[in-house]
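The values are calculated or read from the model by the stated rules, or taken from the named source; none is laboratory data. What you are looking at is a predicted structure, and each value in this text was computed from that prediction instead of being measured. Heads up, the Cβs are rebuilt from the backbone with ideal geometry, glycines too, and the neighbour counts pull from every protein chain shown. To get the accessible areas, we keep the full protein, side chains included, count just its heavy atoms, and leave off ligands, DNA and RNA. Shrake-Rupley method; radii C 1.70, N 1.55, O 1.52, S 1.80 Å.
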Amino acid sequence: MYGHRARIGYCSPPFVTETFCYEFYKMVPDGVTLMITTLEIRTRTKEEVVGCHERSLEAAQYMADSGADVVVLGGNPVNQSLGVENLPKLCEDLGNKIGTKVVTSTQAQIEAMTLLGSKKVASVHCYEPEHNDRHEQSVRNMGFEPTGIIAVGSDFKHIGAIDVDVAFKLASQVKEENPEVDTILLGSAHWAVAHVLDKIEKELGVSVMTSQQAITWKALRTAGITEPIEGFGRLLREF
């Protein structure tokens, strides 16, 4: 079968998921496949966030029954709404219930930035500027110091259409405005960033972590796939 090395389940919050799948298959080695369930999120209301978590639990069971080697509960806002401190037990309990390993996207990002030695983290996210405070608080919740932020300005429905040049342009801008940063976080797993990760690290002299990169990295490592992967930043290459 195509997923003879690992079958990775991902509970994807956006009701329509596009870019995540494309970048996942650019990153992973042959023999790894993606099981994906799209959830509730259209406009990110509180009701959608609650419904997203509840549906992800059902999807995780179905993925496990279908043979997933690991299930990732996506959606940093969804995960953080449960309390970062509660996520390890949630994953342990759910994993015991469904019979396969479970991780969250939030844990993946925390572990990734810890290994990268991140302290001062600048964020570039794909949404409107009114979400800046939420993204900065997210960085604090994960245990790092927010140090600059820039929004692309896209609404949720159109993030798949963001130009491929935007990520590097805004990463350069946030680094110029905040020269003390050591890590640039490209927030959200659903816009075009994979192609510029090495370029950002090389040309801007920082580490880079993206939600999608961290999710893929953590899923692969949890599934026992440990070889270095070139082309998508230090995280996949060195850890």
Residues satisfying the stated conditions in segment 72-118, i.e. under 27 Å from GLU180 (Cα atoms) and out of contact with any helix residue (DSSP H, G or I) (no Cβ under 9 Å at 6 or more places or on another chain):
THR114, GLY117
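Does GLY148 satisfy being touching a helix residue (DSSP H, G or I) at 6+ places or on another chain (Cβ under 7 Å), of a type outside the set (A, V, I, L, M), in a helix (DSSP H, G or I) and within 24 Å of PRO77 (Cα to Cα)?
no
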Looking only at residues in segment 97-112 that are out of contact with any strand residue (DSSP E or B) (no Cβ under 8 Å at 6 or more places or on another chain) and polar (S, T, N, Q), which one is surrounded by the fewest Cβ atoms within 10 Å (Cβ to Cβ)?
GLN107
Would a scan of segment 113-121 turn up a residue that is crowded, with 18+ Cβ neighbours inside 10 Å, in a helix (DSSP H, G or I) and modelled with pLDDT of 95 or more?
yes
Just to be sure I understand the filter: pairs with C-beta atoms under 6 Å, separated by 6 or more residues or on different chains, first member in segment 191-206 and in a loop (DSSP other than H, G, I, E, B), second member surrounded by fewer than 18 Cβ atoms within 10 Å (Cβ to Cβ). Which pairs pass?
ALA192/VAL164
Hey, does segment 209-223 have a residue that's surrounded by fewer than 24 Cβ atoms within 10 Å (Cβ to Cβ) and in a loop (DSSP other than H, G, I, E, B)?
yes
When you look at ALA167, is it within 18 Å of the chain's Cα centre (by Cα), surrounded by 16 or more Cβ atoms within 10 Å (Cβ to Cβ) and part of a helix (DSSP H, G or I), yes or no?
yes
Over segment 122-134, the set of residues open to solvent by 30 Å² or more (accessible area, probe 1.4 Å) and either touching a residue at least 40 places away in the same chain (Cβ under 8 Å) or aromatic (Phe, Trp, Tyr) (or both) is ARG134
